[in-house]
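**Q** Submitted below is the structure of interest, expressed as structure tokens.
We did not get these values from a lab; they are worked out from the coordinates using the rules stated. Computed from a predicted structure; not experimentally measured. Neighbour counts are summed over all protein chains in view; Cβ atoms, including those assigned to glycine, are modelled from backbone coordinates with ideal geometry.
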Amino acid sequence: MQSEVVAGDISRVEPYGLYVVTPRGRVLVLIPDISREPIRDLGLRFVVGQRVRLRLVKFVEEHGMYKGSMMDLGEE
């Protein structure tokens, strides 16, 4: 997989990042991989069910999910 870009729906918003469900599986996107700008409260910017685009960075076998990034996708 070479940095595949997929769309998915946010399933959880946590203080440390977002959980997103995509056709390829579950993805965790941590705050540093969401924006270059500081984000104090993800809940003010993202909601459960919101559709987002992200890049699949790698599959983390021990957690059974992908690590993702929303950086440099040309959005916002």
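**Q** How far is it, in nm, from the label point at L73 to the one at Q50 when both lie 7 Å from their Cα along the line to the Cβ?
**A** Each label point is offset 7 Å from its Cα along the Cβ direction, giving 1.1 nm.
**Q** With log10 I(q)/I(0) by the Debye sum over Cα atoms at q = 0.16, 0.18, 0.20, 0.23 Å⁻¹ defined as stated, name the option among (1) -0.61, -0.69, -0.77, -0.89; (2) -0.59, -0.72, -0.86, -1.07; (3) -0.50, -0.64, -0.80, -1.07 computed from the structure displayed.
**A** (3)
**Q** Ok, one more. Which net charge results for the neighbourhood of G43, defined as the other residues with beta-carbon distances under 12 angstrom from its beta-carbon, given Lys and Arg at +1 and Asp and Glu at -1?
**A** Around G43, the charge tally is +1.
**Q** Rank by packing, highest mean first: peptides 58-66, 29-37, 17-25, with packing defined as the count of other Cβ atoms within 10 Å averaged across residues.
**A** 17-25, 29-37, 58-66
**Q** Within segment 1-22, whose backbone N sits under 16 Å from a point 7 Å along Cα→Cβ of D41?
**A** So the set is 13-17.
**Q** Here's something else I'd like to know. For every other residue with a beta carbon closer than 11 angstrom to the beta carbon of S69, add +1 if it is Lys or Arg and -1 if Asp or Glu, then tell me the sum.
**A** So the environment of S69 carries a net charge of +2.
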